[in-house]
Amino acid sequence: MTTPVTQTMGPPGHITSPTEPYPSPEALARATTTHRQGRFAISTRKLPISKAGPIDAMSADLGIPIPEMIFGDNLVRVAHDGSGWSVAFTARDALDAVDKTGDKMLQVSYARDWSASRERTSAGIQEVVKPFDWSYSTEYRGTVAVEQEGAANKSFAPSDRPIPIELLKRRDPILFFDDVILYESEMDDNGISIYSVKVRVHEERMLLLARLFMRLDNVVVRIRDTRIYVDFATEEVIREYTAKEAGFEDVKRKLLMTGLRPDEVPAALRDANQIAELLKDRIVDGSLESVKLGS
């Protein structure tokens, strides 16, 4: 039986000066919590909203305006000690996966006003210098890295082996849990776009859920889920990606059909879990992959 060990590197360092551009390495280390299970290390970090310096640097790096609430130092990472393999989730990489070509922009009646407020220009959203998907509907599925030489073959490959949901429904003790937000935008009060990562670890397995929840009022609702499942005994990692989407009015109608009163619908439209269940038959994209890390 593997004995779980959880290390907390002290309280997070709080940055109070807007001129201090980045947390120090020591502050990042203190803010990081690592749980070890078998040969895997599961790390999470939560720090306050990024300051002006890092925000400007990230926006320049990515070439797009970034959301109002950006947690640029937050992190969720699953690493395998034996191979140097890891998959991590960061705000910077999630936003880098947002469409920057304009091909996937939402064309709505008030896009011009929204664009003007974000770009500080009178131009409409199709006329800005660098069009982008201003709903921040990223297709990000995590950043995979291999730090050890000779382990280049440790990459995800297409698989037909699904995540064993029945095992995850068992009431096994939760040894480690965290919920980390990477970014959030209210799209100038036109809805919400939020990317968050939840992780829970049991003795024999773990599940990570990275979710993009985007609701553009009167237009569309999207859920894009990336699930990372780890079997600690076999050291197999399964990654499942599912994208769901439906029109706004369709979702409202479905909520009313569940028995909700009209005055209860606005709250339900903010509940990503409820919306995800509602859209389970509205899958528009998906993939299933796995990698075996054991020697």
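Would you mind getting the Kirkwood hydrodynamic radius of the range 31-292 from its Cα pairs, rounded to one decimal in Å? Don't skip to the end; give the middle numbers.
Numbers: mean 1/r = 0.0507 Å⁻¹.
Answer for the range 31-292: a Kirkwood hydrodynamic radius of 19.7 Å.
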- Label point at residue 159 placed 7 Å out along Cα→Cβ; residues across the range 210-250 whose backbone nitrogen lies under 20 Å: 210-211, 225-243
- Near residue 198, which aspartates and glutamates are there with a Cα under 13 Å away, not counting those fewer than 8 places off in the same chain? 178, 179, 225
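Counting only C-alpha contacts under 8 Å and six or more residues apart, can you give the relative contact order of the range 31-292 as a whole percent? Display every interim value, and only then the final one.
On the way: 536 pairs, mean separation 39.7, N = 262.
That works out to 15 percent.
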- Item | Potential extension, residue 61-residue 261 segment - 0.36 nm per residue separation minus Cα distance | 67.4 nm
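Given a 1.4 Å probe, how much area per residue of the range 31-292 is accessible, in Å²? Walk me through the intermediate numbers first.
On the way: 12000 Å² over 262 residues.
Spelled out: the 1.4 Å probe surface of the range 31-292, per residue, equals 46 Å².
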- Using Cα positions and a limit of under 13 Å, work out the aspartates and glutamates in reach of residue 100, with same-chain residues fewer than 8 apart set aside. 61, 133, 139
- Item | Computed E for residue 283/residue 52 - FRET, C-beta separation, R0 41 angstrom, nearest 0.05 | 0.55
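The values are calculated or read from the model by the stated rules, or taken from the named source; none is laboratory data. What you are looking at is a predicted structure, and each value in this text was computed from that prediction instead of being measured. Neighbour counts run over all protein chains shown; Cβ positions are idealised from the backbone, glycine included. For the accessible areas, the whole protein counts, side chains as well, though only heavy atoms, and no ligand, DNA or RNA atoms are used. Shrake-Rupley method; radii C 1.70, N 1.55, O 1.52, S 1.80 Å.
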